[in-house]
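See structure below.
The values are calculated or read from the model by the stated rules, or taken from the named source; none is laboratory data. Remember, it's a predicted structure, so these values are computed and weren't measured experimentally. Backbone-built Cβ (ideal geometry, glycine too); neighbour counts: all protein chains shown. We work out accessible area using only protein heavy atoms, side chains counted, and drop any ligands, DNA or RNA first. Shrake-Rupley method; radii C 1.70, N 1.55, O 1.52, S 1.80 Å.
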Amino acid sequence: MIDESRISKLNESDETDGDYVVYWMQSSQREEYNHALEYAIKKGNELDVPIVTYFGITDDFPDANKRHYQFMLEGLKETLDSLKKRGINTVVRKERPEKGVQKIGEDAATIIVDKGYLKNLRKWRENASEKLECPLIEVESDVVVPVEEASDKEEYAARTIRPKINEKLDRFLKSLRRRKVKNNSLELDFESTDLENIDEVISELDINNSVKPSNTYHGGLQEAKRLLDDFVENKLSKYPDYSNDPSENGLSNLSPYLHFGQISPLYVALKISKMNGPGVEEFLEQLIIRRELAINFVYYNFEYDSLQCLPDWAKETLEEHEDDNREYEYSLKEFENGETHDAYWNAAQKEMVKTGKMHGYMRMYWGKKILEWTNSPERAYEIALSLNNKYELDGRDPNGYTGIAWVFGKHDRGWKERPVYGKVRYMSSSGLERKFNTDEYVEKVEKLDD
């Protein structure tokens, strides 16, 4: 049974005598452990009509480029095959999703959509809800504890949201029933984009093609499960020691798959929580508490993509030190090309450009130095966000926006005052050297293939 707090009506339209139920899949791009899909199947079975999945590929998603579309479509192609095995037809069209769902919704009894947290995703759902003549029901499936159930306001830090989430974990940390589809929809005839040739699909999109797809990470649930199994078997017990060591391969590397909804955070949490020993508590802290703090942030703070999202103390201290002398200053192009004086920073940038993912500990250092080496906090924020969103597979994401905001003081406290940073937390190259083998990290990045 799906908890009622995951479900919300987005309009007041009455159910119609439609030919099918539509699952508008956008954020939860998977067939397994998908509350929205299972709820759509439940509704279809109750109404004795088939289920049709709809996905809209828009080529104007903010900051998205060929790297992101390649990864997304690899996963989407796999998802379509899995849905087909359950007797569910999937309609993929190159159009703005909120427009496309109106077309396919003309003959629908009701439409189920997964939940999005960023401004543009929420706007899509809002626009569609106003135009549709059948019910639009949102079902939240990309968190363990639903965002509004966890808290009804923006939380100050992990320490304030942690007890609220932990209090409700037993209620939500439960497996999801997989329903049998009563009416097959494969014979229904819809115009749809064929994903057999992903390169061809991408070539028809008006997108930025300058960023190459990653050779390190490939999209899809099966690849995500392979990484998860490898993490559980070989890395979990070492996670407390290696999670903050960029010279070691100690991370799960699941963030791109969670970003695109290709794997369920609930599925991952259930698998990890069944394990014993070191690493379990630390990993679940990142997967549930920290990730859902990030979602809380973007959901309740519409300024998440600008310096205005910061707490007052951070904005005030950065403004007070805005005119401080910078020992080094770099342009966006110099940052992008990894042309700073700092070999560690350059390696982090190269890792992100080459693979589509930067180690989390290095991303903190990377962001701090952009603040230190840019002539204003506002410009530094813009540069950090631009590079993160352009190259990271998990950019344009609540975690990404939160990570950048943290660099400038979000979810943190004031520290000892110093030039440029003011009271915002400082990080140094010598601190990296004390933390891990920096030379080994630089050497590892230098060996990366194009």
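Give the Kirkwood hydrodynamic radius (Å, one decimal) of region 159-253, defined as one over the mean of 1/r across all pairs of different Cα atoms. Write out the running numbers ahead of the final one.
On the way: mean 1/r = 0.0526 Å⁻¹.
After inverting the mean inverse Cα-Cα distance, the result is 19.0 Å.
If r is the Cβ-Cβ distance from SER203 to LYS416 and R0 is 60 Å, what FRET efficiency results, to the nearest 0.05? Efficiency for this residue pair is about 0.65. Sorted from greatest to least, the principal axis extents spanned by the alpha carbons of region 290-343 come out as 37, 28, 17 Å. Quick one: P(r) of region 295-450 from all Cα-Cα pairs, 5 Å bins, percents rounded to integers, in order of increasing distance. P(r) over region 295-450, rounded to whole percents: 1, 9, 19, 22, 21, 16, 8, 3, 0. Summarising the overall dimensions of region 26-95 from its C-alpha atoms, the Rg and Dmax are 13.3, 41 angstrom.
With R₀ fixed at 60 Å, the C-beta to C-beta distance from ASP48 to ARG434 puts the FRET efficiency at about 0.35.
Here is the tail figure for region 1-134: Cα pairs spaced more than 27 Å apart come to 14 percent of all pairs.
Convex hull volume of the Cα atoms in region 397-448, per residue, in Å³? Could the numbers behind the result be given before it?
Working: hull volume 6.2 nm³, N = 52.
Spread over its residues, the Cα hull of region 397-448 gives 119 Å³ apiece.
The residue list LEU73, GLY44, ILE104 was ranked by how far each Cα lies along the charge dipole of region 39-112 toward its positive end, using unit charges on Cβ atoms, and LEU73 comes out on top.
If I take every Cα pair under 8 Å that is 6 or more residues apart in region 303-450, average their sequence separation and divide by the length, what percent do I get for the relative contact order? Before the final figure, lay out each step's value.
On the way: 185 pairs, mean separation 49.3, N = 148.
33 percent.
By DSSP, what percent of the beta bridges with both residues in the chain are antiparallel, rounded to the nearest 5? If you can, show how the numbers build up before the last one.
Numbers: 4 of 23 bridges.
Taking every DSSP beta bridge within the chain, about 15 percent pair in antiparallel fashion.
For ASP439, the shell of other residues with beta-carbons less than 12 Å away shows a net charge of -3, using +1 for Lys and Arg and -1 for Asp and Glu. Expressed as a fraction of 2.2 N^0.38 Å, the value expected for a compact globular protein of N residues, the C-alpha radius of gyration of region 237-376 is 1.24.
Hey, got the dipole for region 293-389? About the Cα centre, +1 on K and R Cβ, -1 on D and E Cβ, debye to the nearest 20?
Working: 10 positive and 19 negative charges, 150 e Å.
For region 293-389, the charge dipole is close to 720 debye.
Dipole orientation for region 205-325: of the candidates GLY277, SER210, LEU307, GLY277 has the Cα lying most toward the positive pole (charges on Cβ; Lys, Arg +1; Asp, Glu -1).
Charges at C-beta only: +1 for Lys and Arg, -1 for Asp and Glu. How large is the resulting dipole of the chain about its Cα centre, in Debye rounded to 20? The partial results should precede the final answer.
On the way: 65 positive and 87 negative charges, 261 e Å.
I would put it at about 1260 debye.
Taking 0.36 nm per residue of sequence separation and removing the Cα-Cα distance, the ASP3/LYS168 pair yields an extension gain of 58.2 nm. Among the listed pairs LYS235/LYS444; LYS84/LYS115; LYS43/LYS274, those with a Cα-Cα distance over 25 Å are LYS43/LYS274.
Calculated on C-alpha atoms, the gyration radius of region 312-361 divided by its Kirkwood radius gives an Rg/Rh of 1.10. Once R0 is set to 22 Å, what does the formula 1/(1 + (r/R0)^6) return for the Cβ-Cβ distance between THR216 and GLU443, expressed as a FRET efficiency to the nearest 0.05? Between THR216 and GLU443 the formula returns 0.85. Considering only alpha-carbon pairs that sit under 8 angstrom and 6 or more positions apart, the relative contact order computed for the chain is 19 percent.
When the Kirkwood radius is taken over all Cα pairs of region 71-187, what Stokes-Einstein diffusion coefficient follows at 37 °C and 0.692 mPa s, in µm²/s? It would help to have the intermediate numbers written out before the result.
Values: Rh = 17.1 Å.
Answer from the Stokes-Einstein relation: 192 µm²/s.
So, counting K/R as plus one and D/E as minus one, what does the shell of residues with Cβ under 14 Å around LEU205 add up to? Spelling it out: positives minus negatives among the neighbours equals -2.
Of the Cα atoms belonging to region 220-273, the radius of gyration and Dmax stand at 11.0, 29 Å.
A convex hull fitted around the alpha carbon atoms of the chain yields 141 Å³ per residue.
Under a plain spin-label model, where a point goes 7 Å from the Cα along Cα-to-Cβ, how far apart in nm are LYS271 and ASP19? About 3.9 nm, to one decimal. In the context of the full set of protein chains, region 325-402 has a per residue accessible area of 32 Å² (1.4 Å probe).
With the full set of protein chains in place, find how many percent of the accessible area of the chain is carbon and sulfur; take the probe as 1.4 Å. Spell out each step's value before the answer.
Values: 8210 of 19720 Å².
The nonpolar share, carbon plus sulfur, comes to 42 percent.
Distance from the Cα centroid of region 300-365 to that of region 55-133 is 33 Å (rounded to whole angstrom). Building the convex hull from the alpha-carbon atoms of region 197-301 and averaging its projection over directions returns 8.9 nm². Computed over neighbours whose Cβ is under 11 Å from that of LEU188, the net charge equals -4, Lys and Arg +1, Asp and Glu -1. The distance between label points at ASN375 and ASP81 comes to 5.3 nm (points 7 Å beyond Cα on the Cα→Cβ vector).
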